[in-house]
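This report concerns only the one structure given below.
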Amino acid sequence: MILPVIVLTLIVGTFGALLVFVASLLGPKKKKTAAKYMPYECGLPGQETTKSNVSVRFYLTAILFIMFDIEILFLYPWAISYQEFIDAGYGAYMLGAMLVFIGLFIFGLLWEIKSKALEWD
Amino acid sequence: MTDIILFYFLATMTVLTGVGVVMSENPLFSALYLVLSMTGVAGLFFLLQAPFVGAVQILVYAGAVMVLFVLVIMLIDINKSGEKYIGGNAAALFKGLAIGIFSGLVSAVVLRSPIVAKPALSNGSYTVLEIAKVLFTKYVLAFELLGIILLVIPIGVVALSRIKGGTHER
Amino acid sequence: MGSDGFEITINIIKMLVIFLMMVQMVPVLVWVERRGSAFIQNRFGPNRVGPLGLTQLLADAVKFLFKEEFVPPASHKWLYYAAPVLALIPGALAFESIPLSMPIHVNTESGAHTFLFQGYDVGVGIVFVLAVSSLGAYALLLAGWGSHNKYSLFGALRASAQMISYELAMGLSLVGILMLFQTFDFQRMVEIQRGTLHFWLFGKEISLGFLPNWGIFFQPLGFVLFATATFAETNRTPFDLPEAEAELVAGYHTEYGGLKMLMFYIGEYGHMMVASALMVTFYFGGYELPFYSSQSLVEALSQSMSSNAASIVGALLLHVVFMAKVLFFLWVFIWVRWTLPRFRYDQLMDLGWKTMLPWALANVLITAFFVLMAHG
Amino acid sequence: MSVDVLTAGHYLILSAILFCLGLTGVLLRRNIIVMLMSIELMLNAVNLAFVTFSYFNQNIDGQIMVLFVMAVAAAEAAVGLAIAVSLYKKFKDLNISLFEHLRG
């Protein structure tokens, strides 16, 4: 069942590598001038902005993403078996179990929004 | 027959990228090797008739945790690569010895255990419905506790970034 | 992959054809985009090269092929070259697991074979597609890091931060779909959406004959959330800020030119096709005709031809239906791009975290309540 | 350990190898982030053993345990990296020996 996925990744990988290789073959080999190697910028010549710690704030988004991703993950088996439990008469019990879980989820989200961790200047 | 070839292909891929994680010079490359190792383990999960766990492995590990690792490595960008390994050769010797003994013990136990020789009984794969039924009847308390453990992440991380000198200092 | 050699070869050829179908759709989409934007802005668009400018795309492809090979200095060669290849893989893996038409039943002399009209069928449909599309963030990060340019690194960070934030809303809107269809498998979902709209509410069965039994009538809010999240996931306007700001120049693919740039485009359009194929399969009945189920279509066809041919022709007809729906959504992608203005970055992230996520949670709770109340 | 049929032993040996690789990473590497990654590698090996036993003993609890292990491992990695980032902001270097400065 996993064999086609692996075969497909290999096919697409070689297809992509082939394209990149053919492009590097066909392109003309021009002289490497200095101007060409300046990093491509437009507008005013960039003043060397100090590397502000704005970039480090991104890790907070990724960390919060992990928490919410796992919570969503545990919603999938719940959603699949929800109707089964209702037919078996345990619908309210399942809804209760999930309300507690989503309650914690919402509390985490509100904590984030209140603590202004999700600020993007 | 294809299962055997697939198993050895995935096993070598996982082990080689695992070695790459430990050995590589640049932490970014060791993170990318770890992503490959995790997709290899996810392929093994599919081989062990556990498709949901395999897809979850890719979704959570390779898609979320490792993105965080790669992001942090890119943001921190320490370029002075101090020496990779710790301590003088005495400490390294003891550690190597400890690891050798430990791995010897583990493989001895695995080889002698009766379960080793028994091939699988039937290769019916568990549908997610069965996983969900057991998850919400037998392990529902663990499920709720997990919600609380996951609550640690936002509260702890925000508190950490609030300390003096933290990224989001008050 | 099928037991005997005959099935394995057929399956490999089928996977190749579907992947090449995705890749060759890109020039068509670029042409539709350039002509469409011209139509919206009351101008002509490419019409010099060939009739209606159709072969303009061939000319562009050849031009891209012969662009000079440029590698920025002091860049990480491995990552710089790996990024475009990585941009292709998630889109292809996701597109091949979506059913493009009904399975074909052929009984040859060596026994009955059923061929799925999709690349492969992994046991868990939706979770596999979501997992693979979450791998798309690596192509951006490697491109940003590999080209050793500060601005492309910022563009890559912003693009990946936006991509992961909107993946939450997409994941949550799928929970509503799962509650509705009770299965991960796309084929089952399309079967459930057959016939006319009928549902239970507080114990009474209500059936509206004039509406098809599509998912959108059960999950309207879910559809809005899913569509917005896929717009952000594919970095399309109004969410394409990471490559549009003046300071970020062209975002993570600044230092790429020629065919490598084209591969990022193939990746982006591939994600767009996966997104519209998912929208059609979840909310608009997949490859089924609105009121006319596929079984009756095959029976109607099998009067006039043999059962094998009927199954094949029926599958092809339904494939045309599926492609018509997908092309409509692709046009919506292009249409929105040339009408809506762009978000600012903090507006974009606030929308993702502070409005879409709570609304997706509300959608899950509302659906849970109604499913519980359905049987009274 | 026959070659022609896949038994639990194949998977368990592989899991043992991965675990020992992770162990060497944790013990030998100096950079904190690479240590965290080696811990993730060890947890992957444990997950593999869980799923192997779940498949060969026809018991579903192994797969559910894997879901819980993944959630806890992701939480641990997230908080571990937050500590690593605040350590980096203070000492401008990510080195395990920096933890000697903790006092009190």
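Please state which of the following conditions C:Pro72 fails to meet, knowing it meets all the rest: (1) over 30 Å from C:Met15 (Cβ atoms); (2) away from chain A (no Cβ under 14 Å); (3) modelled with pLDDT under 85. It fails just one condition, (2). Any residue that is under 19 Å from D:Ala49 (Cβ atoms), within 12 Å of chain C (Cβ to nearest Cβ), over 13 Å from the mean Cα position of the chain (by Cα) and free of Cβ contacts under 8 Å to residues at least 12 places away in the same chain - is there at least one of those in segment B:39-46? Yes: one or more hits. The residues listed here are D:Ala78, D:Ala45; of these, the one that is outside any loop (DSSP other than H, G, I, E, B), facing another protein chain (nearest Cβ under 7 Å), among the small types (Gly, Ala, Ser) and under 30 Å from A:Tyr59 (Cβ atoms) is D:Ala78.
Taking the numbered list (1) surrounded by fewer than 24 Cβ atoms within 10 Å (Cβ to Cβ); (2) out of contact with any Pro (no Cβ under 9 Å at 6 or more places or on another chain); (3) without any contact (Cβ under 8 Å) to a residue 24 or more places away in the chain in turn, A:Trp78 passes all entries but (1). Suppose the filter is farther than 30 Å from C:Trp353 by Cβ, surrounded by fewer than 24 Cβ atoms within 10 Å (Cβ to Cβ) and touching a residue at least 60 places away in the same chain (Cβ under 8 Å); does C:Arg188 pass it? Taking the combined requirement at face value, the residue does not satisfy it.
With respect to the conditions (1) over 30 Å from C:Val71 (Cα atoms); (2) of a type in the set (S, T, N, Q); (3) touching a Ser or Thr at 6+ places or on another chain (Cβ under 8 Å), C:Asn149 falls short on a single one, namely (1).
Matching residues to (1) modelled with pLDDT under 85; (2) within 11 Å of another protein chain (Cβ to nearest Cβ):
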| residue | (1), (2) |
| --- | --- |
| C:Met170 | no, yes |
| C:Ser173 | no, yes |
| C:Gly176 | no, yes |
| C:Thr196 | yes, no |
| C:Phe218 | no, no |
| C:Ala229 | no, no |
| C:Thr234 | no, no |
| C:Pro238 | yes, no |
| C:Ala244 | yes, no |
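Only one entry in C:Val129, C:Val124, C:Val106 is of a type in the set (A, V, I, L, M) and farther than 15 Å from C:Asp185 by Cβ, namely C:Val106.
May I ask you to verify whether C:Gly222 is surrounded by 20 or more Cβ atoms within 10 Å (Cβ to Cβ), in contact with a Gly (Cβ under 6 Å, 6 or more places away or on another chain), at pLDDT 85 or above and part of a helix (DSSP H, G or I)? In short, yes. Which pairs do you get when a residue that is within 9 Å of chain A (Cβ to nearest Cβ) and farther than 16 Å from D:Val79 by Cβ, found in segment B:140-155, comes within reach of a residue that is in a helix (DSSP H, G or I) and not hydrophobic (A, V, I, L, M, F, W, C), reach meaning Cβ atoms under 8 angstrom, with the pair 6+ apart or on two chains? Listed by first residue and then by second, the contacts come to B:Gly147/A:Glu71. Quick check on segment B:1-38: of everything there that is hydroxyl-bearing (Ser, Thr, Tyr) and within 14 Å of chain A (Cβ to nearest Cβ), which residue is surrounded by the most Cβ atoms within 10 Å (Cβ to Cβ)? Among those residues, the one meeting the criterion is B:Thr14. Cβ separations smaller than 6 Å between residues 6+ apart or across chains give the following pairs from segment D:39-59 residues that are surrounded by fewer than 22 Cβ atoms within 10 Å (Cβ to Cβ) to residues that are in a loop (DSSP other than H, G, I, E, B): D:Gln58/B:Leu121.
The values are calculated or read from the model by the stated rules, or taken from the named source; none is laboratory data. Only a predicted model underlies this, so the values are computations on that prediction, with no experimental measurement involved. As a convention, Cβ positions derive from the backbone with ideal geometry for all residues, glycine included, and neighbour counts pool all protein chains shown.
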